[in-house]
Amino acid sequence: MSLQYLKDADASKDTEKLIRYVRLHLGDGDEAAGRKEVDKAWVEALKLLLDTPPTDREFILQTLAERDAATLAHLFFHLHFYFVKRSGAWIHDGQL
Amino acid sequence: MTDNSDVTTQLRPRLWATINERYPGVMITKSDHVPLAKLQKPLSESRLTFVSTAGVQPRGTLPFDTVHPVGDYTFRRVPSDSKPSELEIHQIKYPTSGATRDLNVIFPLERLQELAGEGVIGKLAPNFFSFIGYNMDAERLERTLAERLAEQVVAEGADMALLSPA
């Protein structure tokens, strides 16, 4: 999909096209795999908090308050890949 | 090097239709065409550079942005006298396991060094170039990355560039 295709989808509020793109991006061209990858990232993040370990909330709140939305969006994509990789079930491991 | 007439040969004529079905909107129509330049002197007297989308870069340089949904429009210089152990791959859109074992399968650094050493190629340009092929904005790719990279290839005094998609 081209960038213009995605911008047109955004302008016409066609979120299905945007969702499909995100799944293709995260799933290496496989929509179904991409959906599972999203779930995998959230499950991995959840597992890390089940024992309520201490976390750096000051850092989190400061980051959210001080950083621009685009940087946070970029971070969001980084975090997705970070947690999927951390899960050990990494479809981007070079084997494909 | 080919003449313009050779470019019309499409080995898999259904390929683009298949891609368009699976990834609607990905097709880019170009009305202009820049033919490949003819080599001006023999290979054994020419200086060669290598341009690759393999995401190969010297260790310690800023990793390519492989997670950005729109892509990364930067490139890295890879000194042509590098050793494979001095380089690393940042790319998640092709299987890298083989290239991790032997970089030459995707980025034929040592093979080109050997060909230059044997005199088959005149010499290698000081640097090769690498970027990642995952880019959603073709116009930006052409306007920024491709043009800047082409300028660098010329500045390096290369007589020819070997282009290799990953």
Using the Kyte-Doolittle scale, which helices in chain A average at least 0.0 and also have C-alpha atoms spread 18 Å or more along the helix axis, with helices defined as whole DSSP H runs? A:69-87
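May I have the convex hull volume per residue, in Å³, for the Cα set of the range B:71-118?
Working: hull volume 4.1 nm³, N = 48.
Cα convex hull per residue, to the nearest whole number: 86 Å³.
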Sequence-distant residues sharing a close amide H with A:G27 (under 5 Å, placed H): A:G34
So, R0 is 30 Å and r is the distance between the beta-carbons of B:E147 and B:W16; what FRET efficiency does that work out to, to 0.05? 0.75
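Using helices alone, I'd like the mean residue ellipticity at 222 nm for chain A: each DSSP H run of four-plus residues gives -39500 (n - 2.57), total over residue count, nearest 500.
Numbers: 5 runs with 69 residues, N = 96.
Result for chain A, helices only: -23000 deg cm²/dmol.
Efficiency by 1/(1 + (r/R0)^6): what FRET value for A:D56 and B:K83, r their Cβ-Cβ distance, R0 = 30 Å, to the nearest 0.05?
Values: r = 40 Å, r/R0 = 1.34.
The calculated FRET efficiency here is 0.15.
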Between the alpha-carbon centers of the range B:26-86 and the range A:42-82, tell me the distance in whole angstrom. 34
In Å and from the alpha-carbon atoms only, list the Rg and Dmax of chain B. 16.8, 47
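Expressed as a whole percent, how much of the Cα-Cα distance distribution for the range B:78-166 exceeds 17 Å?
On the way: 2160 of 3916 pairs.
Percent of Cα pairs beyond 17 Å in the range B:78-166: 55.
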For chain A, max minus min Cα coordinate along each principal axis, in Å, sorted largest first? 43, 36, 21
Proximal lysines relative to B:K123, as straight alpha-carbon distance under 26 Å, when same-chain residues fewer than 8 apart are discounted: B:K38, B:K41, B:K83
Using all Cα-Cα distances in the protein assembly as shown, what percent lands in each 10 angstrom bin from 0 up to the longest? 6, 23, 31, 25, 11, 4, 1
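We did not get these values from a lab; they are worked out from the coordinates using the rules stated. No experiment lies behind these values; they were computed from the predicted model shown. Neighbour counts are summed over all protein chains in view; Cβ atoms, including those assigned to glycine, are modelled from backbone coordinates with ideal geometry.
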